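The structure appears right after this line, and notes come after that.
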Number of protein chains: 2
Amino acid sequence: MVAALFLSAVLPGRAAELNLMPWPSHVTQQEGFLVLGHTPQIELTGGDERVNHALTRFLQNLSLRTGVPFDHHFSGVPAGPHFVIRCAGPGLRVQALEEDESYHLVISQRGIELTAANPLGIMHGLETVQQLVEPKPQGWVLPVLQIDDTPRFAWRGLMIDVSRHFMPLGAIERNIDGMAAVKLNVLHLHLSDDEGFRVESKSSPKLTGLASDGLFYTQDQVRDLIAYARDRGVRVVPEFDVPGHAVSWLVAYPLLASGPAPQGLVRSEYDTVRPPFDPTQEATYELLDTVFGEMESLFPDRYFHIGGDEVDGKYWDNDTSIQTWMRAHNIKDNHALQTYFTKRVQEIVRRHGKEMEGWDEILDGGLPKDSLIQSWRGAGSLADAARMGYRTVLSAGYYLDLMYPASQHYAVDPLSGKSAALSSEEKSNIIGGEAAQWAEYVTPENLDNRLWPRLGAIAERLWSPASVTDVTSMYRRVAVLNRNLEWLGLEHQASSRRMLGRIEGDDMPPQLLETLAMAVEPVKEYDREKTQGYDGEAPLNHLVDAVSPESDSARRINALAQRAVYDPSARPELRKWFIQWRDNDALLEPYLSVSILRQRLVPLSQSLSVLGTLGLAALDSIELRHPVTLEQRKGQLARVEGSTAPHAELFLVVAPAVRVLVEAEPGAR
Amino acid sequence: MVAALFLSAVLPGRAAELNLMPWPSHVTQQEGFLVLGHTPQIELTGGDERVNHALTRFLQNLSLRTGVPFDHHFSGVPAGPHFVIRCAGPGLRVQALEEDESYHLVISQRGIELTAANPLGIMHGLETVQQLVEPKPQGWVLPVLQIDDTPRFAWRGLMIDVSRHFMPLGAIERNIDGMAAVKLNVLHLHLSDDEGFRVESKSSPKLTGLASDGLFYTQDQVRDLIAYARDRGVRVVPEFDVPGHAVSWLVAYPLLASGPAPQGLVRSEYDTVRPPFDPTQEATYELLDTVFGEMESLFPDRYFHIGGDEVDGKYWDNDTSIQTWMRAHNIKDNHALQTYFTKRVQEIVRRHGKEMEGWDEILDGGLPKDSLIQSWRGAGSLADAARMGYRTVLSAGYYLDLMYPASQHYAVDPLSGKSAALSSEEKSNIIGGEAAQWAEYVTPENLDNRLWPRLGAIAERLWSPASVTDVTSMYRRVAVLNRNLEWLGLEHQASSRRMLGRIEGDDMPPQLLETLAMAVEPVKEYDREKTQGYDGEAPLNHLVDAVSPESDSARRINALAQRAVYDPSARPELRKWFIQWRDNDALLEPYLSVSILRQRLVPLSQSLSVLGTLGLAALDSIELRHPVTLEQRKGQLARVEGSTAPHAELFLVVAPAVRVLVEAEPGAR
């Protein structure tokens, strides 16, 4: 046990080389390998049908990854190493938070032993084995090791907004495969918003008939999706957002709106009539009772998410009947009115057998303690909820649509910061975290690109010991994950390439657009709204939509420049990049103005050229020990700064490489 | 009409810039563009349900290609240009050779008019429109033009061998989409061979139960596949190969074998017991009558392919009961015996309502004239069949599994060579051609890569006027096709990248393997058998399986070197390539020996380095006018020659670039 602990979480020695993500709780690696035979002899006991499915999938995926048909037993004679899988018991009929997800894995030169208490542990263990396979001269091998692994948090989620841009079943399913690969276990679907209601309701067919644009999941599809997710150890938590973000409901039921009825589904930022439900009408609760009742039996998970975020109070302020009702019922303000609403909804949710989840706006001491709070406005609400005795899940810091780098999400720990001061009992209320992917600017085409590989870093934060924080190791392993996810059919790389190809068209020489593309990232946070307001009908086929939210090349080049300050051996490669940037614009420019997909890239390409020129001058100054004056350096830094101005919802992210060299030039400062 | 003719087939002026493949019979392009609106106003009359499906698919594919959601009518208000589609009548219930596939297309600045006599013409026309769409500053546009288009040959096919490596339905379907994109209209499935019987037979379940390894199409899947193909203007012609290549049948029915029963399905070159059917037993014809009857009602096409190729006569020679029977029936040799068999089979095929097709070994003047001959052993049999009054289809010259470049297939014309001397009536018996993809060394993973984009060149040969022969134009348009096929879900590029990624693994710097990969091609013709005999269980996950059969980069570099002989401006780029090749081996070599997927690449990498060094020396000699001696040149040429030796079923195809420069060095020769 001491030896195992020694190797836990700190990624030392040989174990650091393993391509595991998330990193397990305990790893002990020994010398040697197990060579995988053509037809493994598999012995499986216990569990439930999910273990069989997971094993079939494991062999299929292994075959895809290796190109060796492990899933076909042509010759009929099993040979090669033994693979023993023992599962102590079946899992619950509906996957639950409390189930034991741990597993124990022993790989020796003779075979593999995977044991777990629950099918979930077997599934996680099979994903771990999959990640360990690599080709050696002897064939495909696994390292000899022992792993004891258990998640740090029980709730490891991903929310996908399927209202603003509808995501077809296939897009969701392939991302469930991705989630399972990194041991995430909750898929939260944001199923209704101002832009559309996305699940068939048999009780209230107007909800999709009038309020979905024809794009929604049938109930059969939902059942398929839930079965698909369950088979992969993933719970599906549905969200129907009320009382705000509810225009779709109110397009179908306009009499339940606070103030004026909406003029139709919200399609763009110009559709500004977005009333919430009228919480003072009994008919509101009758509708919710009917629809929530229907949806609570469709979605078997224990939790039912009722949204509750961003209620626009002005509609309540301006509705005289609401104001009269509030006075009559002694409700002093909009927060109290929402709490009244939330409690009524909570009763509905509970009557149909579920526990209520909501965004942190619903937090109020008066709510029953079985409510689950999803903290998104900041880690403060997480700590508050935990202190007040509510179970809570962190999403602040995990919003993938804000386009932050993986390292930034990786640094967010649900139990640090404001939560650090909590008692351990209070801390136990913090049950995990959830990445969120809002879809104003995401389509099925680039959904995967927006999720992966950054989601891997969040998955590791939520699974691995708190001490696993090495960013360099994380990025190395994320890069491996990035490649391996492609074998599962995820499109994050392939669709990005196709979208770049669409922009290149048939007239451009290769490499020119790529040189620009690898130097840019989408603008961060909510900056895109400033230059391109939300429009659900606008094509999302520009460079900002095609590139990854985080440029690996830029990160590498920026690091190279930091090293180049003191290490001359880093400079030749850097010089090559700078020359390429400097010269790219002259070659690229003629192609930019002739296509609607390229014309807005002109200033970015020019700025990249400026950065190349400045970078070369700085390298020269450093290498030739040619000092610059204070004015010169100031001027250079100003030009570097100027190069980072956003255009076409993108900005150059390689400026730091040049900045660090300008700052390192000899001379006055 | 004169103007239209003027522009036909010779790709002159502006029309040469259109990205069409296959090139249409007549194109007249004018100035100007039609800008596509967000929600086109479509007016469709006539045809049958296939026209509606084709239109839906057209809008979906257009949306995928452009990233503009043309298929969603969010705002409900159709606007933008008119798109008028008129189809004179419905097509036949079972698509037939004789149907009119022509179409007439007019694109003006106001709209699109597409007219055809038959739904097949509309489908072809929609593919043409799809190929014409391109982004301009105004948006996505179509050029103003008029096209009158009709195919040169009625039979434009592709054969896929699904016996040696089974190809799942999805792999076949996505390639049907590719076929439709280039106006191919016959999918010939080679459904049985020594390696397996690949269609469910309800009358004779042993055929898949004992002789398929569990990998076969159910009858429902076959019906789905046929409907899928029909919807895309593609006929499905089934082949069940008899009397040779029939081990799978005989594993199920061993008593019908000539001589010894087979020892099991053929799995590798070492399984050498491969008897044909015994054509002297009545039970043979009883079985064929039952199974062919069943399959002829499952596959609605008029033609039914009975194989007939490569019967190994030694089994008949060595079977005394067959010999006795032959003497008793006055059958003088094995050819006569096969003809006896073929006639009996032809009666069976005809009794069930179909016409018989077979490989050219069945050709014999005694066959009924409604037999169709597929010529594969050489164009001689094509001319012979046509002269003898049989309809015939050319496959010799179109074998994609032989790894020849597109230009080689493109140069093969069914009506040239030995067919040129035929009378025009005889020529009319030559109804088309068929590409063939045998699958000894192909899996579902690289099937697309083996077919595309070379198949586009064959499709053009079979559709376009005979005068369309410009290879440069063909390669330019094939490159466009190559990219656009990706939007249909074809995997020829994506899977090649993934397979290269598998070989690179997680330890290699990028670019090193790519530098080698772009310089090699798989060995040609049947050379792979010499070093890697067929083995159905062997993983096909090596570099030879990952790379394209034809290296675009190599072709470009070889052409660049030819130019560099007299044009100094071509030399700097060439020098860059040579330096990269020279230096690549030292960087790549450490990674080669450590993986089973790379270790056999060592000599190729070394030879590439040799070519780089020789190329640089030759460039120096040319530029510095430094003459070489006869001995030196001979030595250099010998080293160039030596570099082309095959290793790992690959060979370097960039040697011509170096050879042409060595030959151009000043000095004695």
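The values are calculated or read from the model by the stated rules, or taken from the named source; none is laboratory data. The structure displayed is predicted, hence computed values, not measured ones. Ideal geometry is used to build each Cβ from the backbone, glycine not excepted, and the neighbour counts take in all protein chains shown.
Return yes when residue B:281 is surrounded by fewer than 24 Cβ atoms within 10 Å (Cβ to Cβ) and farther than 24 Å from residue B:296 by Cβ and no when it is not.
It is false that residue B:281 is surrounded by fewer than 24 Cβ atoms within 10 Å (Cβ to Cβ) and farther than 24 Å from residue B:296 by Cβ.
Which ones in the stretch B:580-613 are more than 13 Å from chain A (Cβ to nearest Cβ) and among the β-branched types (Val, Ile, Thr)?
Those that are more than 13 Å from chain A (Cβ to nearest Cβ) and among the β-branched types (Val, Ile, Thr): B:610, B:613.
Going by what's in this entry, would residue B:269 be described as acidic (Asp, Glu), farther than 21 Å from residue B:294 by Cβ and out of contact with any Pro (no Cβ under 8 Å at 6 or more places or on another chain)?
On the way: acidic (Asp, Glu): yes; farther than 21 Å from residue B:294 by Cβ: yes; out of contact with any Pro (no Cβ under 8 Å at 6 or more places or on another chain): yes.
Yes; evaluated as a whole, the condition is true for this residue.
The rows are residues; the columns are (1) within 29 Å of the chain's Cα centre (by Cα); (2) at pLDDT 95 or above; (3) assigned to a loop (DSSP other than H, G, I, E, B); (4) β-branched (Val, Ile, Thr).
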residue: A:220; (1), (2), (3), (4): yes, yes, no, no
residue: A:233; (1), (2), (3), (4): yes, yes, yes, no
residue: A:251; (1), (2), (3), (4): no, yes, no, yes
residue: A:260; (1), (2), (3), (4): no, no, yes, no
residue: A:270; (1), (2), (3), (4): yes, no, yes, no
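Specify the residue that is surrounded by the fewest Cβ atoms within 10 Å (Cβ to Cβ); the eligible residues are those in the stretch A:93-115 that are without any contact (Cβ under 8 Å) to a residue 60 or more places away in the chain and of a type in the set (A, V, I, L, M, F, W, C).
The selected residue is A:106.
Determine which single condition residue B:479 fails, assuming it passes every other condition in (1) away from chain A (no Cβ under 14 Å); (2) small (Gly, Ala, Ser); (3) surrounded by fewer than 17 Cβ atoms within 10 Å (Cβ to Cβ).
The failed condition is (1).
If only one of A:502, A:477, A:483 is assigned to a helix (DSSP H, G or I), without any contact (Cβ under 8 Å) to a residue 12 or more places away in the chain and not hydroxyl-bearing (Ser, Thr, Tyr), which one is it?
A:483
Is it the case that some residue within the stretch B:290-310 is more than 30 Å from the chain's Cα centre (by Cα), assigned to a helix (DSSP H, G or I) and closer than 30 Å to residue B:95 by Cα?
Within the stretch B:290-310, the subset more than 30 Å from the chain's Cα centre (by Cα) is B:290.
Checking which are assigned to a helix (DSSP H, G or I) leaves us with B:290.
Still in the running and closer than 30 Å to residue B:95 by Cα: B:290.
Among the residues of the stretch B:290-310, at least one is more than 30 Å from the chain's Cα centre (by Cα), assigned to a helix (DSSP H, G or I) and closer than 30 Å to residue B:95 by Cα, which makes the answer yes.
Looking at B:322, B:306, can you tell me which residue is farther than 18 Å from residue B:235 by Cβ and either in the same structural domain as residue B:367 (by TED's automatic domain parsing) or surrounded by 17 or more Cβ atoms within 10 Å (Cβ to Cβ) (or both)?
After ruling out the rest, the residue left standing is B:322.
Might you check whether a residue that is hydroxyl-bearing (Ser, Thr, Tyr), within 30 Å of residue B:39 (Cα to Cα) and within 14 Å of chain B (Cβ to nearest Cβ) occurs anywhere in the stretch A:534-549?
Checked against the condition, which is being hydroxyl-bearing (Ser, Thr, Tyr), within 30 Å of residue B:39 (Cα to Cα) and within 14 Å of chain B (Cβ to nearest Cβ), the stretch A:534-549 yields at least one hit.
For the stretch B:350-364, how many residues meet the condition of being out of contact with any helix residue (DSSP H, G or I) (no Cβ under 6 Å at 6 or more places or on another chain) and part of a helix (DSSP H, G or I)?
Adding up the residues that qualify gives 3.
Restricting to the stretch B:486-499, name every residue that is more than 9 Å from every other protein chain (Cβ to nearest Cβ) and part of a helix (DSSP H, G or I).
Within the stretch B:486-499, B:488, B:495, B:496 meet the criteria.
What's the number of the condition residue B:190 fails, among (1) surrounded by 17 or more Cβ atoms within 10 Å (Cβ to Cβ); (2) in contact with a helix residue (DSSP H, G or I) (Cβ under 7 Å, 6 or more places away or on another chain); (3) under 30 Å from residue B:96 (Cα atoms); (4) more than 14 Å from chain A (Cβ to nearest Cβ)?
Here residue B:190 clears every test but (2).
When residue A:615 is evaluated against the numbered criteria (1) touching a helix residue (DSSP H, G or I) at 6+ places or on another chain (Cβ under 7 Å); (2) touching a residue at least 60 places away in the same chain (Cβ under 8 Å), which criterion, by number, is the only one it fails?
Answer for residue A:615: the failing condition is (2).
What is the residue count in the stretch B:123-168 for residues that are of a type in the set (D, E, K, R) and within 14 Å of chain A (Cβ to nearest Cβ)?
3
Among B:495, B:473, B:467, which is the only one that is of a type in the set (S, T, N, Q), surrounded by fewer than 19 Cβ atoms within 10 Å (Cβ to Cβ) and within 18 Å of residue B:550 (Cβ to Cβ)?
Within the list B:495, B:473, B:467, the selection yields B:473.
So which of A:26, A:53 ends up being at pLDDT 95 or above and surrounded by 19 or more Cβ atoms within 10 Å (Cβ to Cβ)?
After applying the criteria, what remains is A:26.
Name the single residue that is nearest to residue A:587 (Cα to Cα) among those in the stretch A:498-507 being touching a helix residue (DSSP H, G or I) at 6+ places or on another chain (Cβ under 8 Å) and either in the same structural domain as residue A:442 (by TED's automatic domain parsing) or at pLDDT 90 or above (or both).
Selected residue: A:504.
Scanning for something assigned to a loop (DSSP other than H, G, I, E, B) and among the hydrophobic types (A, V, I, L, M, F, W, C), does the stretch B:334-348 turn up at least one residue?
no
Could you give me the residue pairs with C-beta distances under 8 Å whose first residue belongs to the stretch A:535-552 and is touching a residue at least 40 places away in the same chain (Cβ under 8 Å), whose second residue is among the polar types (S, T, N, Q) and surrounded by 22 or more Cβ atoms within 10 Å (Cβ to Cβ) wherever it lies, and which are 6+ apart or on separate chains?
Note: pairs meeting the criteria are A:540/A:446; A:545/A:446; A:546/A:446; A:546/A:449; A:548/A:449; A:549/A:449.
Can you find a residue that is touching a residue at least 40 places away in the same chain (Cβ under 8 Å) and either farther than 27 Å from residue B:454 by Cα or outside any loop (DSSP other than H, G, I, E, B) (or both) anywhere in the stretch B:566-573?
Taking every residue of the stretch B:566-573 in turn, at least one turns out to be touching a residue at least 40 places away in the same chain (Cβ under 8 Å) and either farther than 27 Å from residue B:454 by Cα or outside any loop (DSSP other than H, G, I, E, B) (or both).
What pairs can you find where one residue is in the stretch B:510-532 and in a helix (DSSP H, G or I), the other is among the β-branched types (Val, Ile, Thr), and their Cβ atoms are less than 9 Å apart, with a gap of 6+ or different chains?
B:513/B:503; B:517/B:503; B:517/B:547; B:528/B:544; B:530/B:523; B:531/B:523
Exactly one of (1) aliphatic (A, V, I, L, M); (2) in contact with a strand residue (DSSP E or B) (Cβ under 8 Å, 6 or more places away or on another chain); (3) touching a residue at least 60 places away in the same chain (Cβ under 8 Å); (4) under 20 Å from residue A:68 (Cα atoms) is unmet by residue B:608. Its number?
(4)
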